[in-house]
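Worksheet: the structure to be examined is printed underneath.
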Amino acid sequence: MKYIVKKAGTLIITLLIVSFLSFFAFSIIPGDAARSRLGTEATQEQVEALQKEMGLDKPVLVQYGNWLKNFITGDMGESYSYSMPVSDLLKDKIPITVALTLLSFFLILLISIPLGIFTAQHEGKWLDRALMVLNQVVMSVPGFFLGILITFVFGLVLKWFTPGAYVSISESFSGFLSYLIPPSVAIALPRCAMGVKMLRSSVISQMEKDYVRTALARGNSGHQVMYGHVLKNALLPVLTFWGMTIADIVANSIIIEQVFTIPGMGSLLITSISNRDYPVVLGIIMLIAALVIVINFIVDILYGKIDPRIRVEQ
Amino acid sequence: MKKFRNLCILLLAVSLTAVLGGCQDGKDGTTESQDNSSSQETEAEPTMGGSIVVGIPQDLEDSLDPHKSVAAGTKEVLFNIYEGLVKPDEEGNYIDAVAESHSISEDGKVYTFKLRPGVKFHDGTEVTVDDVKYSIERCAGINGDGTPLVAAFSNVEKVETPDASTVEIFLKEADTEFLAYLIVAVVPQHCDDLDKTPVGTGPFKYVSRSPQENIVIEKFDEYWDTENQAYLDQVTFKVVGDSNAIVTGLKSGSIDMYPRINSTQAAQLADDQDLEIYEGGMNLIQALYLNNGEKPFDDEKVRQALCYAVNRQEVLDMMADGKGTIIGSSMFPAFEKYYMPELVDKYPQDIQKAKELLAEAGYPDGFDMTITVPNNYQQHIDTAQVLVEQLKQVGINAEIQLIEWDSWLSDVYGERNFQSTVVGIDAAYLSGRALLERFTSDSDKNFINYSNPEYDSLYEQVKKSTDESEQIDLYKQMETLLADDAANVYIQDMAAEVVLRKGYGGYVFYPLYVQDMAKIYKTAE
């Protein structure tokens, strides 16, 4: 309980710092939301009137104070570009990015756990070596490039899916999910490779431990030792990696969403930055920051579950 | 981020060239067949019904309210939903829309409109004179906080409705060209959330929008002009920000039409049998705009030297395979009545002369300069790169500085804090004024700080004149002055290439930046 309170405290302080920094970064970079919206035909008079309407004529600290006050009461403001509340805007975008993230994460687990164990068990054999070379190659290819490659090969040449034909959830849920598969593969593959490599070395180092020899000497089968003892210990360092991966996927989806024209949070973030639509930008940044902190929190709890020695209450 | 994207484009281009290695000679073949097919166009029989997906490069991010929207990309979509008292046609004339007829008083101060009976808004209510009055007053800021929503309407003094079918607009100062502004949308008085749900009188009505995704409009069955009803039942404007995704979308069939592809995209699509490329003018004045208020460009000789140093045909060849139209002043060819082709060759490339002029101005060894270019316009970046090379020949050492569009708007356009910049300027209205007013000395839009009393007085005369041919003559004198003074290094009206899937037809180029979807049809199979 105490731990949760402490974590919640960290969450709030981090969000405060992040929002403060983003807000000030926004006031420093050149460009003006009012002028951006009014374009080249505007008179000075119009620009000033709109600045006043948006509250941009006030000092930055006052603007920040106002924003913070509203944010605490659950009001994230109204988007300049879309004339709708930021919360409504995000409500439609979050499920898309979350679906993409979960799908990618699921793929990572699905591929990297079996492969990691398999390569560790066959350490040094030719199949392991071949897989490790392949692994190295996949690991070094950036996600966006894989995205382009997948679009080209599977979309344009083999025609397995139609690039750019994004299907929204409301139209068809299965269509939506299947459109997300190619991009999540693009996101997942490099991280799968990293996951395999980590799990493999983690398992191998555990296999060399004394307790493994003891367990085998007591007559346990290789399988029993692997799934009963080794895996549990080997997962600990990998767990941290997976926790970081989720945050990483969210960050990566910003690029991948552009490549596959998925109208998720990433695309919204990018256009909102160039439109100087700071209520939206801050909303998204807050969300991502909170997500990262919450995931770290979950990882901490899982640690305790797997290894009681580092249970967090103590 | 930007780097990443450019890198992906580069990588894709490389992989495409590698894979499609052998299609170079096929390309010439398609150009020929394109010419053939455009002559065969008349064969295709238009049919009613169907739908189309149109790609647009950016979402409608300013406002769906027609009086508040400013981005060309927003206006070209809203054009299908809204109409004004008058509306432009493809030849650049005004035809009556919500109004049935119009007349302008001798002194150019009173505009009288007879309302067309039976024009309906998309919500089924009939347009009344009160709606028209409300719309004009809204633009002029009368009854509001006094700030006009549309700058040009600050000249409106009052609007009167003597009877149920007549609207009179009184201007503060005589203006015989005010009709050009009256393409501004007529909106219903009873709707107060136009920025969320547009309601107009146009051939299409608004259905829905999903930010970053699409805007859907559908045919309005009760459109007043029964002879020019829309063919298509539904049009989806799909937001495709990534230039790569546009190409894949067109190839894969998820987009049926895309206005204004660039030359790289055109090259990637040229061999696609399902697509047809139409070519027209973009109606933009692309120029190396020079800050006339700052050294060294406050000197006319330096500006002229720059004009002589530049080879514009080479620019066109390098950036767009020679497509585009070279221009010599702030007017593009689609504005036929104002356009002066004789200005095009005013400054042929002449390195020797450029050097002499520079020496006379006190820069025998040239100088360093910065060209500021918004980083979201590849065509302007390409142009700037060619210019840098050409300027080297006269000893001018130019450096390109890329900035975000938003910074461009505030620093270059707003603060006028720049040396030179390459951008394209479009016309918001079908009048010479739309392009030429901005260079009068005290105009808010005169970001290049051009100042010539003669130019200013010519513009005063235009405003007073009530005779169109006299106005045209005055505008032409203004264009000539801009060219004589070498206010900017005028380059070109860029070629616009529109991609349309085979099976659709009816694309029409306008002298304004609009997409008329009502004219697009599906051809009979």
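Quick note: the coordinates plus some simple rules give every number you see, no bench work behind them. Only a predicted model underlies this, so the values are computations on that prediction, with no experimental measurement involved. Don't worry about glycine lacking a Cβ; one is built from the backbone with ideal geometry, like all the others, and counts go over all protein chains shown.
Exposure proxy ranking for B:E91, B:E479, based on other Cβ atoms within 10 angstrom of each Cβ and starting from the fewest, stands as B:E91, B:E479. Expressed per residue, the C-alpha convex hull volume of region A:22-70 stands at 78 Å³. How many angstrom lie between the Cα centre of region B:169-224 and the Cα centre of region B:242-303? Answer, in whole Å: 28. Summary value for chain B: 20 percent relative contact order, contacts being C-alpha pairs under 8 angstrom separated by 6+ residues. When you count the other C-beta atoms within 10 angstrom of each residue and take the mean per peptide, B:443-451, A:16-24 line up highest first as B:443-451, A:16-24. Counted by neighbouring Cβ atoms within 10 Å, the residues B:C139, B:C191 run from fewest to most as B:C191, B:C139. Peptide B:399-409 has a mean of 4 when you count, residue by residue, the C-beta atoms of other protein chains within 10 Å of its C-beta. Eight or more residues apart or on different chains, and alpha-carbon atoms under 13 Å: count the Lys pairs in region B:112-226 matching that. Lysine pairs meeting the criterion: 5. Quick one: longest stretch of chain A between exposed loop GluC sites (Glu not before Pro), exposed meaning at most 14 other C-beta atoms within 10 Å and loop per DSSP? Longest site-free region, per DSSP loop and neighbour criteria: A:1-122.
Computed over neighbours whose Cβ is under 9 Å from that of B:E100, the net charge equals +1, Lys and Arg +1, Asp and Glu -1.
Restricting to bridges with both residues inside chain B, how much of the DSSP beta-bridge set is antiparallel, in percent to the nearest 5?
The antiparallel fraction comes to roughly 75 percent.
Take B:231-243, A:270-282 and order them by the average number of nearby Cβ atoms within 10 Å per residue, most first; the result is A:270-282, B:231-243.
Computed over the alpha-carbon atoms, chain A gives an Rg to Rh ratio of 1.07, Rh here being the Kirkwood radius from the mean inverse distance. Length, then width, then depth: along the principal axes, the Cα atoms of region B:105-175 run 35, 31, 16 Å. Averaged over the residues of peptide A:257-269, the number of Cβ atoms from other protein chains lying within 10 Å of each residue's Cβ is 5. Our estimate of slack between A:E53 and A:K69, defined as 0.36 nm per intervening residue step minus the Cα-Cα distance, is 3.9 nm. Per residue of peptide A:31-37, the mean number of Cβ atoms on other chains within 10 Å of the residue Cβ is 6. Antiparallel beta bridges, as assigned by DSSP with both residues in the protein assembly as shown, represent about 75 percent of the total such bridges.
Taking 0.36 nm per residue of separation and subtracting the current Cα-Cα distance, fully stretching the chain between B:K392 and B:S105 would add 97.8 nm. Between A:H223 and A:S178, the FRET efficiency estimated from the beta carbon spacing at R0 = 45 angstrom works out to 0.80.
Placing a label point 7 Å from the Cα of A:M84 along the Cα-to-Cβ direction, the residues of region B:207-222 whose backbone N falls under 15 Å from that point are B:207-217.
Suppose R0 equals 51 Å. What FRET efficiency, 1/(1 + (r/R0)^6) with r the Cβ-Cβ distance, do A:S170 and A:E208 give to the nearest 0.05? Here the calculated transfer efficiency is 0.40. Each Cα pair of the protein assembly as shown feeds into the Kirkwood radius, which the Stokes-Einstein equation turns, at 25 °C and 0.890 mPa s, into a diffusion coefficient of 82 µm²/s.
Here is the list for region B:271-345: GluC sites (Glu not before Pro) lying in DSSP coil, each with at most 12 other C-beta atoms within 10 angstrom of its C-beta, are B:E336. Candidate cross-link partners of B:K109 among the aspartates and glutamates, defined by an alpha-carbon separation under 19 Å and a same-chain spacing of 8 or more, comprise B:E137, B:E157, B:E160, B:E168, B:E173, B:D175, B:E177, B:E460, B:D467, B:E468, B:E470. Cross-link partners for A:K232 among the lysines, with Cα-Cα distance under 27 Å and sequence neighbours closer than 8 places in the same chain left out: A:K7, A:K125, A:K197, A:K209, A:K305.
A straight line joining the Cα centroids of region B:329-398 and region A:224-267 runs 52 Å.
Compared with the alpha-carbon gap, the fully stretched path from B:F170 to B:H190 is longer by 4.8 nm at 0.36 nm per residue.
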